[in-house]
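The values are calculated or read from the model by the stated rules, or taken from the named source; none is laboratory data. All values derive from a computational prediction rather than experimental measurement. Cβ coordinates were reconstructed from backbone atoms using ideal geometry, including for glycine residues, and neighbour counts include every protein chain displayed. Surface areas here come from the heavy atoms of the whole protein model, side chains and all, with no ligands, DNA or RNA. Shrake-Rupley method; radii C 1.70, N 1.55, O 1.52, S 1.80 Å.
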Amino acid sequence: MTGATTPARGRKRSEQTRLAILTAAYELTTEVGFPDLTIEGIAARAGAGKQTVYRWWPTKADVLLEALALKADLKVSTADQGSFDAELDAFLRDSAALMAFPGVVPVLRSLMAEAQRDADFRRRFQDGFLSKRRAALETIVERSAARGDKPAHLTAAFAADLVFGLIWYRVLATERLLGQDDITAVRRLLNEHPGQE
């Protein structure tokens, strides 16, 4: 189980209540938008007490952050599939499918905007989501290096910069999602060996 934030002191989390709160935060954001999202609204939708939400998350952005991190962990595979190309393809396809899931792009935009406004949240966003997504892709590259099928020129950091640079540009600056042509082009860029045509 992966959470974007560490629960505050108090009673141990009920997993059922936690998931209800995360689901409520995500659904309400897609319905009313982040500016109109409230802790009170999240608690009411989840059938939980307002103090329960405040006890486990410092802000509404943190609830939404954990909801998105959980969704990404569940939807984007880093499983060993026997080759770098197969694992990269699965990662890119899963990431494209996640972007296309209703509400994900607006939630990503809202969290990034909040991270620019609030320096404390920015650190939690980096630790609880951005760094974890990079680490997931870096795991694939590092596994391919150990297996011996990683292109010699490729580093895990560059792969993450290229993939997430494209994703975040699309999320923040355009209305375009990732399509099959994008996935194919990125795979070729990352999997190309020097001297290949």
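Any idea which residue in region 86-102 is farthest from the chain's Cα centre (by Cα), counting only those that are touching a residue at least 40 places away in the same chain (Cβ under 8 Å) and open to solvent by 20 Å² or more (accessible area, probe 1.4 Å)?
Top of the filtered list is Asp89.
Among the residues of region 134-158, which ones are aliphatic (A, V, I, L, M), crowded, with 17+ Cβ neighbours inside 10 Å and free of Cβ contacts under 8 Å to residues at least 40 places away in the same chain?
Within region 134-158, Leu154, Ala156 meet the criteria.
Got a sec? Which of Ala8, Ala4, Ala24 is surrounded by 18 or more Cβ atoms within 10 Å (Cβ to Cβ) and at pLDDT below 95?
Residue meeting the stated conditions: Ala4.
Can you report the number of residues in region 118-146 which are in contact with a Phe, Trp or Tyr (Cβ under 9 Å, 6 or more places away or on another chain) and hydroxyl-bearing (Ser, Thr, Tyr)?
1
So which of Ala86, Ala100, Ala113 ends up being out of contact with any Lys or Arg (no Cβ under 6 Å at 6 or more places or on another chain) and either more than 30 Å from Leu28 (Cβ to Cβ) or acidic (Asp, Glu) (or both)?
Within the list Ala86, Ala100, Ala113, the selection yields Ala86.
Restrict the check to region 178-192 and report whether at least one residue is closer than 16 Å to Ser95 by Cβ and part of a loop (DSSP other than H, G, I, E, B).
yes
With respect to Asp161, is the statement that it is open to solvent by 50 Å² or more (accessible area, probe 1.4 Å), farther than 26 Å from Ala185 by Cβ, charged (D, E, K, R) and out of contact with any strand residue (DSSP E or B) (no Cβ under 7 Å at 6 or more places or on another chain) true?
No: the conditions fail for Asp161.
Of the residues that sit in region 164-197 and are surrounded by 13 or more Cβ atoms within 10 Å (Cβ to Cβ) and of a type in the set (Lys, Arg), which one is nearest to the chain's Cα centre (by Cα)?
Looking at the filtered set, the residue picked out is Arg170.
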